[in-house]
Structures are given as C-alpha cells and as structure tokens.
Amino acid sequence: MIATVRECTEADAATLALIGAATLLEAFAGFVPGDALLAHCRKYHFPAAYESALQQPQTRAWLAEVEPGAAPVGYAMLTAPDFPAGLSHEGDLELRRIYLFSKFHGSGASRRMMDLAVASARQQNAKRLLLGVHPDNQRALAFYRKVGFVQIGVRTFHVGDCAFQDPVLALSLNAE
Ligand SMILES: CC(C)(COP(=O)(O)OP(=O)(O)OC[C@H]1O[C@@H](n2cnc3c(N)ncnc32)[C@H](O)[C@@H]1OP(=O)(O)O)[C@@H](O)C(=O)NCCC(=O)NCCS
C-alpha cells in the first residue's frame with residue numbers, strides 16, 4: 001500500500017494529535033511503562049498543542065496518508081531546536097518527530113518525509129538538522145545513519161516520569 005505525503009496546515013492539528021498519540025503508543029507500548037506513555041500523550045498530543053506549534057515560524061509538519069479517504073498513517077514535524085545548552089547552536093533546526101505505523105515501515109514514506117524535512121530546513125537556511133532518538137531504537141538509528149546523521153551527544157529525555165539517555169544526532173546541511 002502506497003502512502004502519499006503532504007504538508008500540513010493548522011487545520012490538520014487534530015489529525016496530527018491523533019496520529020501523534022497513536023504512533024507513539026504503537027512504537028513504545030511494551031517497552032516504556034503504560035502510565036508514562038499515557039502521561040506523555042496527554043501532555044503533548046492534543047490539538048491545541050499542534051495548532052500552536054504550527055503557528056511558530058520555523059515549524060512545518062507533514063502527514064503520510066493512504067487511500068481510501070486519505071487515512072493518516074504517519075507524520076513528521078520540523079521545529080526550532082529544543083536541546084540542552086552546548087548541543088544546539090544558531091542555525092540548527094530539529095526533526096522533532098518522524099513516526100509511521102509499522103505496517104508502512106520500509107515503504108519509502110519515511111524517506112519522503114525526511115527528504116521534505118531536509119529540503120524545508122535548507123530552504124530556511126538551517127546549517128544542521130538535529131534529532132534525539134531512544135538508544136534502543138535500532139530501526140530508527142539505522143534509518144538516520146543511512147540518511148547521513150552522526151551522533152554529536154546525549155540528552156536526557158522524559159516520557160512521563162521515565163528518563164532516557166537519548167543519543168542526539170546531527171545532519172550537516174552545508175552546501176554539497
Ligand atoms: C524510524 C522510522 C520513521 C523509519 O522508517 P522506516 O520506513 O522503518 O525506514 P526504512 O525501512 O527506510 O529504514 C530502516 C532501516 O533499518 C533497518 N532495520 C530494521 N530493523 C532493524 C533493526 N532492528 N536493527 C537494525 N536495523 C534495522 C532496515 O533494514 C532499514 O535499512 P535498509 O533499508 O538498509 O534495509 C520508522 O521505523 C518508524 O516510524 N518507527 C517507529 C517510530 C519511531 O521510532 N520514530 C523515530 C523516533 S526518534
């Protein structure tokens with residue numbers, strides 16, 4: 001099944017909140033405690049949070065959808081960076097989230113979302129694209145390495161009251 005990818009507007013905030021929570025649960029249930037996952041969903045994945053994120057000048061989001069009827073199966077979001085001092089610098093942007101339901105892994109949809117995020121970061125004259133990833137997320141780490149990301153550090157990431165030491169990766173966007 002082919003997923004198509006399109007850029008979001010503020011009108012997509014409710015859909016983004018839904019796919020944000022659903023893909024987070026699918027990816028981390030059985031791996032991160034349920035109460036921590038649910039607390040994280042309640043704190044970050046609600047329509048007004050996405051609406052306000054999309055009002056920020058550097059934020060862009062994309063939805064992956066399938067027919068019939070453009071059902072959402074994944075999303076990606078580019079934002080201003082939110083990393084501890086010393087890890088990010090002027091000119092960085094963050095690939096805050098890139099999530100696809102597992103049924104669509106390997107379909108090329110995440111590569112399309114990544115290409116769009118990189119193109120948008122370049123268009124915004126960003127020098128680097130940063131991201132944080134769970135240290136045990138081998139599939140995501142392999143995907144990021146294939147795209148060209150390299151590790152530049154570690155940050156503490158909280159999901160509910162669980163803390164993880166996430167590798168922080170960077171992709172240089174200097175002219176090729
Ligand atoms: C991360 C994600 C967007 C990548 O998309 P994808 O469609 O799975 O990516 P691809 O299939 O193009 O690439 C994944 C690569 O990892 C490899 N891989 C898969 N499982 C692996 C594993 N357990 N260990 C190492 N490599 C693995 C795949 O073989 C593939 O490499 P290949 O193309 O050379 O064969 C997707 O897996 C996803 O949504 N995961 C769940 C949510 C998530 O973790 N998001 C990122 C949070 S930081």
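Most tightly packed first, judged by the mean number of other beta-carbon atoms within 10 Å of their residues, the peptides 82-90, 128-136, 145-153 read 128-136, 145-153, 82-90. Summing charges over neighbours of residue 93, with a neighbour being any other residue whose Cβ is under 14 Å away from its Cβ, gives +2 when K and R count +1 and D and E count -1. Neighbours of residue 121 by Cβ distance under 10 Å: Lys/Arg scored +1, Asp/Glu scored -1, total +2. Under the criterion of Cα pairs below 8 Å and six or more residues apart, the relative contact order for region 4-124 equals 27 percent. Within the chain, the selection of entire DSSP H helices by a Cα span of 20 Å or greater along the long axis and an average Kyte-Doolittle value of at least 0.0 returns 13-28. Ranking 22, 150, 110 by how far each Cα lies toward the positive end of the dipole of the chain (charges on Cβ) leaves 150 at the top.
Working from label points 7 Å from Cα in the Cα-to-Cβ sense, the residue 139 to residue 85 distance is 3.9 nm. Placing a label point 7 Å from the Cα of residue 18 along the Cα-to-Cβ direction, the residues of region 90-129 whose backbone N falls under 19 Å of that point are 99-104. Listed by chain and number, the aspartates and glutamates placed with their C-alpha closer than 20 angstrom to that of residue 127 are 82, 90, 92, 94, 115, 176; residues fewer than eight positions away on the same chain are left out. Find out how many positive minus negative residues lie around residue 20, taking Lys and Arg as positive, Asp and Glu as negative, among other residues whose Cβ is under 14 Å from that of residue 20. The answer is +1.
Quick one: of the DSSP bridges fully inside region 4-124, what percent are antiparallel, nearest 5? In region 4-124, DSSP labels about 90 percent of beta bridges as antiparallel.
Modelled label positions at residue 157 and residue 43, each set 7 Å beyond Cα in the direction of Cβ, lie 1.4 nm from each other. Run lengths n ≥ 4 of DSSP H only: what is the helix-derived mean residue ellipticity at 222 nm for the chain, with -39500 (n - 2.57) per run over all residues, to the nearest 500? Calculated from helices alone, the mean residue ellipticity at 222 nm is -10500 deg cm²/dmol.
Every pair of different Cα atoms in the chain enters the Kirkwood calculation, which places the hydrodynamic radius at 16.5 Å. For a straight C-alpha distance cut-off of 14 angstrom, the aspartates and glutamates reachable from residue 103 (same-chain residues fewer than eight places away being disregarded) are 26, 65.
Throughout, read-outs are computed from the coordinates displayed, never taken from laboratory work. Please read these numbers as outputs of a predicted model, since none were measured by experiment. When we count neighbours, we look across all protein chains shown, and the Cβ atoms used for this are built from the backbone with ideal geometry, even at glycine.
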